[in-house]
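Each remark here refers to the structure printed beneath this line.
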Amino acid sequence: MSRVLVLNCGSSSVKYRLYDGEEILGSGTVERVGEAGRGPADHETAVRQILDGLDLGGLAAVGHRVVHGGRRFTEPVVVDDAVFSAIEEIVPLAPLHNPANLAGIRVAREALPGVPQVAVFDTAFHHTLPEAAATYAIDRATAERYGVRRYGFHGTSHAYVSRRTAQLLGRPYEELNTITLHLGNGASACAVAGGRSVATSMGMSPLEGLVMGTRSGDLDPTVIFHLRREGGMTVDDIDDLLNHRSGLLGLTGANDMREVQARYEAGDAAATLAFDVYCRRITGYVGAYYALLGRVDAITFTAGVGQHSPEVRAATLANLGRLGIAVDPERNAGSGDRVISPDGAEVAVCVIATDEEREIARETRTVVEGPH
Ligand code: ADP
C-alpha cells in the first residue's frame, strides 16, 4: 500500500532503500559506478540492476534525491516531462550532481510506468532563507543573469535533525531555535528558527562553508585567480583541487576524520593543524549563527563525524561557556540520540543520527498521499 523506494544517485554510487510504511524491506549501495571493469558502466545500469533485484509489487512511489532545485523548486514534486526538463536546466548550477540524479529518474520512469516519481531537493528546505542571507554582494544584474546566490544543501538532513531535536527535547518545533551541524564527508551548518532555515553555510554549490573531507569550504576567491594566473592551472584543475583534493585530504592526505584523529593523537603535526582548522571553522559558524538567531535553544551534531567524534564536539564548543554552551564529558562519550550538555544548561547540545532516506520517503509519501 504505502511502499516507497528511495533512490540516491551520488557521483560514484547509488544508494537505495525500500520502505513499507516505516519498515525497511530492502536497502543497499551500488559502488564504483562508472569505473570501467570494477562497477556498473553508468548510473542507468546501476539503477536498472537495483530495480531488477527488488520485488516492487504495490509500490506507491519512488523518491529521488535531487541535489539542486535552483530557484524554482521549493518543495518535493512529482516528476513529469516539464519538471524533468526544468531539473535539466539546473545542471549548469550542479554539474557534479544533478546529471546522476536525472539518470536515476529517467530509468525509474521507463521501468515503472504509472508509478509516481518524486524529486526531493537538497536545496528546498533553504527556500526560507531571508534575501539578506541568500544574496552575495556582487553586481545584481550579473548575479540574476547567472543564478548566483546562496541556495544551501543538506536540506533533507537539516530538516529531519532539527525536527528530531524538538522531539528529543519535548518542545514545539515552531518555537525552537536550533543550530544544526551536519558533519559527514560533506559538511554544513544551518540556523533553524521555528522550523525555517534562516542561515546555512553551503552556498551556490556545496563547496562553501565548513572544512570537509575533500572540499576546502570558505576561502578568498582570489585564491582561484592566483592559481589561474600564477600557477597556470585551468578552471577545471582548480575546480577539482577545491572539490576533490582539499579539506582534510588536502591538509593530511586522508579524508577520513578517524584517520586524521588517530594521527593527531600520535602527535602528527599536519593532522593536528587539520583538526584545528576543521574545528575552528565550525566554532566560527556557531558564533555567527548565535548572533543571527539572537537566542539559541539547541545545537545538534549529526552525520559521520558529528555523531561519532566526541573530540570534535568537545573541541568545537570549548570556551563557549559565556554563550550558555557546555558539553558534559560523560554524556559526550555515550552513544545514541541524546542530550550531551549538563542538566540545566541554557543551550541543549544534542547528538542525533540523521536519516536522509527516511526523510525522503516521508516527503515522497506526503506528495503522493497528502500529509499524515
Ligand atoms: P556521507 O557524507 O558520505 O553520508 P557520513 O555522514 O557517513 O558520510 O560521514 C562519513 C565520515 O564520518 C567519514 O569520512 C569519517 O571521517 C567520519 N567518521 C565516521 N566514524 C567516525 C568516528 N568514529 N570518528 C570520527 N569520524 C568518523
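The values are calculated or read from the model by the stated rules, or taken from the named source; none is laboratory data. Worth saying up front: this structure is predicted, and the values here are computed from it rather than measured. Cβ atoms come from the backbone with ideal geometry, glycine included; neighbour counts cover every protein chain shown. For the accessible areas, the whole protein counts, side chains as well, though only heavy atoms, and no ligand, DNA or RNA atoms are used. Shrake-Rupley method; radii C 1.70, N 1.55, O 1.52, S 1.80 Å.
Overview of results
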{"read-out": "Most positive-pole-ward Cα, Leu56, Ala291, Ser2, against dipole of the chain from beta carbon charges", "value": "Ala291"}
{"read-out": "Axial C-alpha extent at least 30 Å, average Kyte-Doolittle at least 0.5 - helices from the chain (DSSP)", "value": "269-293"}
{"read-out": "Selected from Gly253, Gly104, Gly114 as most flexible by GNM, with the chain as the system and alpha-carbon contacts under 10 Å", "value": "Gly114"}
{"read-out": "Gyration tensor verdict on segment 205-327 (Cα atoms; rounded if a/c is under 1.5, prolate if a/b is larger than b/c, oblate otherwise)", "value": "oblate"}
{"read-out": "Cα-Cα P(r), segment 2-70, percent of pairs per 10 Å interval", "value": "21, 49, 26, 4"}
{"read-out": "Segment 42-147: trypsin sites (Lys or Arg not before Pro) in DSSP coil with no more than 15 other Cβ atoms inside 10 Å", "value": "Arg71, Arg72"}
{"read-out": "Longest to shortest principal axis, alpha-carbon extents of segment 264-358, angstrom", "value": "38, 31, 28"}
{"read-out": "For the chain, accessible area per residue (1.4 Å probe, heavy atoms of protein chains only), Å²", "value": "46"}
{"read-out": "Residue order for Leu183, Leu292 - accessible surface, 1.4 angstrom probe, largest first", "value": "Leu292, Leu183"}
{"read-out": "Inter-probe distance in nm under a simple model that places probes 7 Å from Cα toward Cβ, at Ser12 and Gln49", "value": "1.5"}
{"read-out": "Principal axis box of the chain, alpha-carbon based, largest edge first, Å", "value": "58, 56, 46"}
{"read-out": "In nm, spacing of pseudo-spin labels at Glu330 and Arg196 (7 Å Cα→C-beta vector)", "value": "4.1"}
{"read-out": "For the chain, built as a Gaussian network whose Cα springs stay under 10 Å, the top-fluctuating residue of Ala124, Ala345, Ala199", "value": "Ala345"}
{"read-out": "Loop-resident sites, segment 152-229, for chymotrypsin sites (Phe, Trp or Tyr not before Pro), counting at most 14 other Cβ within 10 Å (DSSP)", "value": "none"}
{"read-out": "Fully extended contour minus Cα-Cα distance, from Leu323 to Asp42, at 0.36 nm per residue", "value": "96.2 nm"}
{"read-out": "Charge dipole magnitude, Cβ of K and R +1, D and E -1 - the chain, Cα centre, debye nearest 20", "value": "460"}
